[in-house]
Amino acid sequence: MPASASPDEPLENLGALQKQLILAQVQILELEDIRDELQARGTEYSKLLCELQSIADRSLAELQNAHAAETTARQALADAEKDNREVQIKLGALRRDFETASDRLSKALKLVDQVEGNAAGQKARIERLDAEMKNLKSSASWRWTAPLRSIRRVFGRTEPSP
């Protein structure tokens with residue numbers, strides 16, 4: 001013991017040490033409470049991280065599905081555009097064929113009109129000739145020359161020799 005130390009001093013030191021020990025134990029208890037609270041939060045955070053990982057995995061799968069669907073849609077669009085170009089080419093050919101057929105039909109209709117006009121003229125001519133033949137056969141000269149025509153039919157039409 002030091003020379004200047006009083007006999008009560010170790011007791012005071014012991015009391016101070018006890019106070020410090022009690023304070024340290026209280027701090028230890030508080031730290032243990034904090035540790036328990038942090039462990040509970042850590043468990044919560046682990047659960048949240050698992051949920052977030054699950055959500056991220058689902059989102060990634062959905063993104064991959066969306067990317068695959070986009071690729072499929074782009075391919076379908078490209079195919080549809082190709083088909084559309086082919087249809088446009090065929091449509092152009094059909095339009096040209098239609099125009100050709102329309103021109104041919106127009107020419108044929110003009111020809112039909114001409115034929116109908118000719119037929120009408122021929123019909124009128126036939127009707128006129130029929131009327132003339134009827135008039136001729138009903139004439140007196142036709143009736144008077146009937147016996148000559150009969151003789152000619154009987155004896156045939158022989159022409160005199162030169």
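The values are calculated or read from the model by the stated rules, or taken from the named source; none is laboratory data. Computed from a predicted structure; not experimentally measured. Cβ coordinates were reconstructed from backbone atoms using ideal geometry, including for glycine residues, and neighbour counts include every protein chain displayed. For the accessible areas, the whole protein counts, side chains as well, though only heavy atoms, and no ligand, DNA or RNA atoms are used. Shrake-Rupley method; radii C 1.70, N 1.55, O 1.52, S 1.80 Å.
Pairs under 8 Å by beta carbon, first residue assigned to a helix (DSSP H, G or I) in the stretch 140-155, partner open to solvent by 80 Å² or more (accessible area, probe 1.4 Å), six or more apart or different chains?
As it stands, the answer is TRP142/LEU136, since those pairs meet every condition given.
Give the residues of the stretch 15-49 that are open to solvent by 90 Å² or more (accessible area, probe 1.4 Å) and under 60 Å from the mean Cα position of the chain (by Cα), sorted by residue number.
Matches in the stretch 15-49: LEU38, GLN39, ARG41, GLU44, TYR45, LYS47, LEU49.
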